[in-house]
Amino acid sequence: MSTGGCRSGRESSRCEARLWLARLERAFGRRDVTGALRRTALRVLSGLGPRRREALGYRLWIAEHERPSLREPVSTTAIPKVSVVPTHPTVDLRRLAGDLRRQVDADWELCPLAGQGLPDLPASRVRVAPRSERHPLAAAVEAGTGAIVVLVDPRTRLAPDALAAFVDTLAATPGLAYADVDHVSAGGHRRAPFFKPSVPGAMLWSLDLMAPLTAAHRSLVAEALPALEGDAAAFALRLELAGTATSIRHVSRVLSHRELPPGAEPTDWRLAGPAVTTAVRQHLARRRPGWEATEGHGGRVHVRPPLPDDTLVSIIIPTRDRAELLRACVASIRRHTERPAYELLVADTGSTEPAALTLLAELARSPDVRVLESPGPFNWSATNNLAARSARGNVLLFLNNDTEVLDSGWLEELARWALVDGVGTAGALLCRADGTVQHAGVGIGFGGLCAHPFEGLRPEGATFAGPVIAYRSCVAASGACMAVSRHVLDLLGGFEERFQVLFSDVELGIRAWAAGRPSVISPHAQLLHHHGRSRGTDELMIPNDILTAHERIPRELVSSDPCWSPHLSRWAAIPRLARLGEPAPLAVMDDLALALRDTFTAEQLATLQPVAPIFGKVWDRAAALAPGGRG
C-alpha cells in the first residue's frame, strides 16, 4: 500500500496506521478510545512537506468521510433510466463500461459516439447512434432513451453511486446537476479535489465548473443541442445547459475522478484558449446580447458585460490624515483609469495633520475632485452614505485610501459588473505589497462571522475550492474596493449606520443576496491594498460592531454559505478540509459567551472592560443566546 508521500519507514507505518484507524473507527465507532493514536498520526502530518501533507490529508479525509454504500441493489423498474454519453471519442469505453457495471441502484444505458466502437456490455445496455451528418454528441444523446442524460468527459472514472446520486438529486426538481471531483493516479491514489460551490454563479465564466461529469433531464439537453459546434463542443453544451436550466443542483460529494497520467499536474479547470473563448462568445451571442468574450492574461477567458456610454462612476474615498496613502491612491487612479468617466469624492473624517490638510486643499482645487466633510466620531457607513447622497454617478465605487490601482481596466471592469441586472455589488482582487491575496471574496461563517478565503495565497495558486484567480459569486465583497449601481444602493437603503467600522460592507452584501443579487468578484480588476495602514488596530476592535453583526448576519448563512463548499473548514482562511465533526467557529464563540455568563456576573465583566472592551459586552451576547433571547 502506498504511503501517500511519507518520508521515512517510521512515518510510513504511522501514516498507514492512521488510515486503518479511520477505517476501524468508521466500522466500529470507537473514536473515544483511539484519541491518542489519532493525535499521534496528526503530528506526523505536520512534519511533511505541503504537497505530501495535502495528499495524505486528503486520503485521511476520504477514510473519515466517504462511507461505502450499505444498500443492496434494488429493482430498477421504478428508477429513472440514465443515458450515459461520452463527450469525446477519446473516452475509454472499456473503463467506462467497468465503472457502469459497478453502479448501485441505477438503471443505465451507454450511448457511445458513432464510430467509437462497441463496449463489452449486453446489447440491452447499449444504444448505438447511427452515422449521420449531425454532431456525434447530438446523435448519441438522441439515440438514448433515458429520462436523465449523464455526460462523461475523457479520463473520467465514476464513483460507484454516481448515477444514483444524480437520480436522487434530479428526482424532485428537473434541471441540471453537477458534483465535486478529484484526481486519481495510475496507482489508484486520489488527490487534488475540487470542492465546488452550491451556487455556480459567475464562476461559470472562469471555470469548466460542470465538468467532468454532468447530469440533466433529457428535455433540457435536447434544447441545448444546437449549441454543439466548434472544437470545444462538450464545454459549449455544458455552458448552454447552465445558461438555460431553471434549476441547477450541486451534489456535494466526489462523484468522479479525473485520471492523472504520470508526471502530469492536476487540472485547474480554468477556461482558456481560442476554442473555449469562441464557445463562450457564441453562447453570449445567443443568451446575453451585448456581452463580449476575449482572451485575457494567459489565454484565460475574459467576459465583459455591456457598459453604457453615459456611465459615470463616483469614486468615494473616506480618509483621515495619512496624506501619503491618499496621495498614492489618487495618483494611481489618475494614472491607470482610462474609462468610463468618473468623479472623485474624498470624504474627510477629521484630518488634523498638516500634510493631510495641505493635500485636501490641493485636491479641492482639482476639477475632478470634490472634498466633503464628515464630522463627528468616525463612522465608515455614515461617511459613505453622506458621500453617496452627494455623488452624481450611476455607479458608486467605495474605495479605501490605502489602496492603489494596478491596471488600466479596473474601473471599467467593476462598473460593467455593477450594472449587470441581478448583481448586488462588484468586488476586486486585492493583493498585499508582497503579492499575496488579501481579498478574493467574503466567506460567511469563516473565522466566526466572516473572513476572506484565499487570504495569504499567491493569486496564481490552486486550492480545494478551485483556483484563486476566477470570477466568483459571493454573498458579499470587501468595501475596500466595492462598486454598486445607484439603483441597487437606493433599493437597499444604503449602509447600516449602526456599524461604525466593521461588517457594514458584508451586511450590505447580505441584504443584496437576500434580494436575489449576489456579489461578483472579478479577477480582472486587481488593486494593491495596504491592509490596516489607514486606521489603528485599536479602532478596528469595535465591540458594538461585532455584537450588531451577530444580530444582523443570518445564522443560516453563518452555518452554510452556499458560495463555498461545506467540506471546507470554517477555521482557516486558506481553504483546507474540514475535520469530521468539526464545530463551527461561531458555535465555539457562543459556548464561550455562555461559559463566561455562567462564570462571571455582569458587574465582573464590566470590571474587565478597561482591559478588553469586548468583555463588557459578553453578558449581552450571552443573554441573546439564552432561551427567549434574540440570538
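Would you point out which residue out of 303, 280 is within 18 Å of residue 226 (Cα to Cα) and crowded, with 21+ Cβ neighbours inside 10 Å?
Values: 303 fails: within 18 Å of residue 226 (Cα to Cα).
Just one listed residue meets the conditions, 280.
Any chance you could count how many residues in segment 486-508 are without any contact (Cβ under 8 Å) to a residue 24 or more places away in the chain and part of a loop (DSSP other than H, G, I, E, B)?
Residues flagged as without any contact (Cβ under 8 Å) to a residue 24 or more places away in the chain and part of a loop (DSSP other than H, G, I, E, B) within segment 486-508 amount to 1.
Would you pick out the residues in segment 279-307 that are at pLDDT 95 or above and part of a helix (DSSP H, G or I)?
279, 280, 281, 282, 283, 284, 285, 286, 287
(1) touching a His at 6+ places or on another chain (Cβ under 8 Å); (2) surrounded by 14 or more Cβ atoms within 10 Å (Cβ to Cβ); (3) modelled with pLDDT of 95 or more: which one isn't true of residue 253, the others all being true?
With respect to (1) touching a His at 6+ places or on another chain (Cβ under 8 Å); (2) surrounded by 14 or more Cβ atoms within 10 Å (Cβ to Cβ); (3) modelled with pLDDT of 95 or more, residue 253 is out only on (1).
If you go through segment 308-319, how many residues are part of a loop (DSSP other than H, G, I, E, B) and either free of Cβ contacts under 8 Å to residues at least 12 places away in the same chain or surrounded by fewer than 18 Cβ atoms within 10 Å (Cβ to Cβ) (or both)? I'd like the intermediate steps shown before the answer.
The first filter runs over segment 308-319 and keeps only residues part of a loop (DSSP other than H, G, I, E, B), leaving 308-311.
Filter again for either free of Cβ contacts under 8 Å to residues at least 12 places away in the same chain or surrounded by fewer than 18 Cβ atoms within 10 Å (Cβ to Cβ) (or both), leaving 308-310.
So the count comes out to 3.
Among the strands (runs of 3 or more DSSP E) lying completely within segment 320-409, list those that include at least 1 residues that are closer than 22 Å to residue 545 by Cα.
In segment 320-409, the matching strands (runs of 3 or more DSSP E) lie at 341-348, 395-399.
If you scan segment 116-172, which residues turn out to be assigned to a helix (DSSP H, G or I) and charged (D, E, K, R)? Walk me through how you get there before you give the answer.
In the first step, residues of segment 116-172 are kept if they are assigned to a helix (DSSP H, G or I); the result is 123-125, 136-143, 162-172.
Scanning segment 116-172 gives 125, 142, 168.
Name the one entry in 518, 459 that is within 17 Å of the chain's Cα centre (by Cα), on the phi < 0 side of the Ramachandran plot and modelled with pLDDT under 95.
On inspection, the qualifying residue turns out to be 459.
From the list 347, 388, which one is in the same structural domain as residue 492 (by TED's automatic domain parsing), modelled with pLDDT of 95 or more, surrounded by fewer than 23 Cβ atoms within 10 Å (Cβ to Cβ) and within 16 Å of residue 479 (Cβ to Cβ)?
From the options 347, 388, the qualifying one is 388.
Search segment 281-299 for residues being touching a helix residue (DSSP H, G or I) at 6+ places or on another chain (Cβ under 9 Å) and basic (Lys, Arg), and hand back the single one that is farthest from residue 524 (Cα to Cα).
Looking at residues that are touching a helix residue (DSSP H, G or I) at 6+ places or on another chain (Cβ under 9 Å) and basic (Lys, Arg), I get 286.
Scanning segment 440-456 for residues that are of a type in the set (A, V, I, L, M) and buried (at least 24 other Cβ atoms within 10 Å of the Cβ), which turns out farthest from the chain's Cα centre (by Cα)? Step through it out loud before you land on a result.
From segment 440-456, those of a type in the set (A, V, I, L, M) are 440, 442, 444, 449, 451; that's our starting set.
Now restrict to residues that are buried (at least 24 other Cβ atoms within 10 Å of the Cβ): 440, 442, 444.
Working: 440: 9, 442: 9, 444: 11 Å.
The residue in question is 444.
Scan segment 419-439 residue by residue and report those that are buried (at least 17 other Cβ atoms within 10 Å of the Cβ), within 17 Å of residue 470 (Cα to Cα) and of a type in the set (Gly, Ala, Ser).
Passing the criteria: 426, 427, 428.
So residue 251 ticks every box in (1) outside the structural domain of residue 146 (by TED's automatic domain parsing); (2) within 30 Å of residue 80 (Cα to Cα) but one. Which box is left unticked?
(1)
Just checking, how many residues over segment 173-197 are at pLDDT 95 or above and part of a loop (DSSP other than H, G, I, E, B)?
4
Being touching a strand residue (DSSP E or B) at 6+ places or on another chain (Cβ under 9 Å), at pLDDT below 95 and surrounded by fewer than 17 Cβ atoms within 10 Å (Cβ to Cβ) narrows it down to one of 266, 226, so name that one.
After applying the criteria, what remains is 266.
Taking segment 78-110 as the region of interest, how many residues are of a type in the set (A, V, I, L, M, F, W, C), crowded, with 18+ Cβ neighbours inside 10 Å and not in a loop (DSSP other than H, G, I, E, B)?
Total meeting the criteria: 9.
How many of the residues in segment 144-184 are in contact (Cβ under 8 Å) with a residue 40 or more places away in the chain and more than 16 Å from residue 66 (Cα to Cα)? Before the answer, list the steps.
Just the residues of segment 144-184 that are in contact (Cβ under 8 Å) with a residue 40 or more places away in the chain, to begin with: 144-167, 169-171, 173-184.
This time we only want the ones that are more than 16 Å from residue 66 (Cα to Cα), so: 144-157, 163, 166-167, 169-171, 173-178.
The number of residues fulfilling the criteria is 26.
The values are calculated or read from the model by the stated rules, or taken from the named source; none is laboratory data. The structure displayed is predicted, hence computed values, not measured ones. As a convention, Cβ positions derive from the backbone with ideal geometry for all residues, glycine included, and neighbour counts pool all protein chains shown.
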